[in-house]
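These notes concern the structure reproduced below.
The values are calculated or read from the model by the stated rules, or taken from the named source; none is laboratory data. Since the structure is predicted, the reported quantities are computational estimates derived from the model, not experimental observations. Every residue, glycine as well, gets a Cβ built from its backbone with ideal geometry; the counts of neighbours run over all protein chains shown.
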């Protein structure tokens, strides 16, 4: 099979790897769509790797006869691996599992964990069935396009009574606009890139602010001096994370979705005296699968706006170059072109 490999700084190519093998509850999935996430940062920095990607949708290509899935089933492939037995897995929060199996050694496969590939292997309990009326492109948004902020919106019980601040309008933050407006909330978006501010408005944000234009004062003005009820940081940037904390009302909630490094938290002023709840959200709980599928089904027009580009996998380098400009929403790869 063909997989994408970063071979140097801003260099990538397709390489051949052996097809992966199924075994027991680990099945082979033929990848139809591979949504792209932050792998372009590895490309930009020259982090050599042929194990790229964590989002995929496709169809089951090979499965053990005892498997609960069968060849031809349409599925969304959840990120990472999980034991399927611990209390976190049983409750649907598999993403936090501490007992991740080595699926390559279990199947004797040399490759199969990357999603920038024609085939992958995955435990059957981490495959979300896709109904026939949902396209592979839309189904792929159940991963990082909608997934992290869907988890945040569900965990914070966001509804029509809330003003939601979202910092960072990359693909994850733009997905957050879809999630929060679907819940009926008023959304204030913050983003430096004008193209993505425009896209946030098209997806339903009431306001899209430039952080360089005293966004804190603007947010307070828009909320009667109180601040946002709920805030989701999708930027992973410390200045935006500080804004998220400072622009949230007393007794409000802040969910951190964007991956980042150290952030100074002022325990007294940020948390105790403001009564803030600070949450870390990585993905969504699989017990909410029906709600996720319905969200995707009801949001087709917005998902078509969120997905701005599709590239053949043979042109992954062009896709990386586009992502580095910021002039895009969610970008997809087709592994068979």
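Structure above, values below:
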read-out: Residue in the stretch 135-161 that is farthest from residue 290 (Cα to Cα), counting only those that are assigned by TED's automatic domain parsing to the domain that holds residue 248 and surrounded by fewer than 22 Cβ atoms within 10 Å (Cβ to Cβ); value: 161
read-out: Subset of the stretch 182-226 (residues that are closer than 29 Å to residue 304 by Cα and in contact (Cβ under 8 Å) with a residue 60 or more places away in the chain); value: 182, 193, 195, 196, 199, 202, 203, 204
read-out: Residues satisfying the stated conditions in the stretch 38-53, i.e. in contact with a strand residue (DSSP E or B) (Cβ under 9 Å, 6 or more places away or on another chain), assigned to a loop (DSSP other than H, G, I, E, B) and under 22 Å from residue 337 (Cα atoms); value: 50, 51, 52, 53
read-out: Residue in the stretch 72-82 that is under 23 Å from residue 37 (Cβ atoms) and loosely packed, with under 15 Cβ neighbours inside 10 Å present; value: no
read-out: Evaluation of residue 178 against (1) part of a helix (DSSP H, G or I); (2) under 25 Å from residue 303 (Cβ atoms); (3) touching a strand residue (DSSP E or B) at 6+ places or on another chain (Cβ under 9 Å) (one fails), failing number; value: (3)
read-out: Residue in the stretch 116-124 that is on the phi < 0 side of the Ramachandran plot, part of a helix (DSSP H, G or I), in contact with a strand residue (DSSP E or B) (Cβ under 8 Å, 6 or more places away or on another chain) and surrounded by 19 or more Cβ atoms within 10 Å (Cβ to Cβ) present; value: yes
read-out: Filter result for residue 33 (in contact with a helix residue (DSSP H, G or I) (Cβ under 8 Å, 6 or more places away or on another chain) and over 27 Å from residue 315 (Cβ atoms)); value: no
read-out: Qualifying positions in the stretch 227-252 - within 17 Å of residue 158 (Cα to Cα) and surrounded by fewer than 18 Cβ atoms within 10 Å (Cβ to Cβ); value: 250, 251
